[in-house]
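Enquirer: Next up is a structure, given as structure tokens.
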Amino acid sequence: MAEVIVTKAPDGEEMTLNMGPHHPSTHGVLRFILHTDGEIIGRAVPDVGFLHRSIEKIGERHTLAQFMPYTDRVDYLAAMFCNEVWATASEKLLEVEVPKRALYLRCITGELNR
């Protein structure tokens with residue numbers, strides 16, 4: 001996990017800050033390393049996925065069904081949505097027709113998870 005760095009700078013020197021995430025649902029997705037001079041941001045370096053969990057590598061050794069429990073750990077605040085995305089992608093890959101009842105249940109669980 002990234003550590004927040006705050007450097008107090010004397011007048012005229014640059015200060016480096018870690019900024020982000022801004023919302024709980026973006027936890028681990030994006031942060032910015034800001035280089036400031038006073039209140040002016042001179043440079044902002046994005047750090048995308050700084051809490052990367054190597055889920056792609058884990059998925060290489062599992063079947064489509066075995067990998068489902070890992071998808072809800074990608075974003076713990078929207079776990080059901082991540083499961084739905086994985087299920088939908090797997091079904092499209094395998095050309096499986098999903099019953100309407102399952103689609104309705106997915107919509108309901110997605111709304112409840114929101």
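Just so you know, all these numbers are worked out from the coordinates, no wet-lab data involved. Quick caveat, the model's predicted, so the values are computed rather than measured. Methodologically, a virtual Cβ is constructed for each residue, glycine included, from the backbone with ideal geometry; neighbour enumeration extends over all protein chains shown.
Enquirer: Asp47 versus Cys107, label points 7 Å from Cα toward the beta carbon: distance in nm?
Expert: 4.2
Enquirer: A further question follows. For the pair Tyr76/Thr63, report the inter-label distance in nm, with labels modelled 7 Å from Cα in the Cβ direction.
Expert: The two pseudo-label positions are separated by 3.0 nm.
Enquirer: Still on this model: At 10 °C and a viscosity of 1.306 mPa s, what translational diffusion coefficient does Stokes-Einstein give for region 55-113, taking Rh as the Kirkwood radius over Cα pairs? Give it in µm²/s as a whole number. Walk me through the numbers before you get to the answer.
Expert: Working: Rh = 12.1 Å.
D = 131 µm²/s.
Enquirer: Could you put Val74, Val96 in order, starting from the residue whose Cβ has the fewest other Cβ atoms within 10 Å? Walk me through the intermediate numbers first.
Expert: Working: Val74 16, Val96 9.
By the 10 Å Cβ count, ascending, the order reads Val96, Val74.
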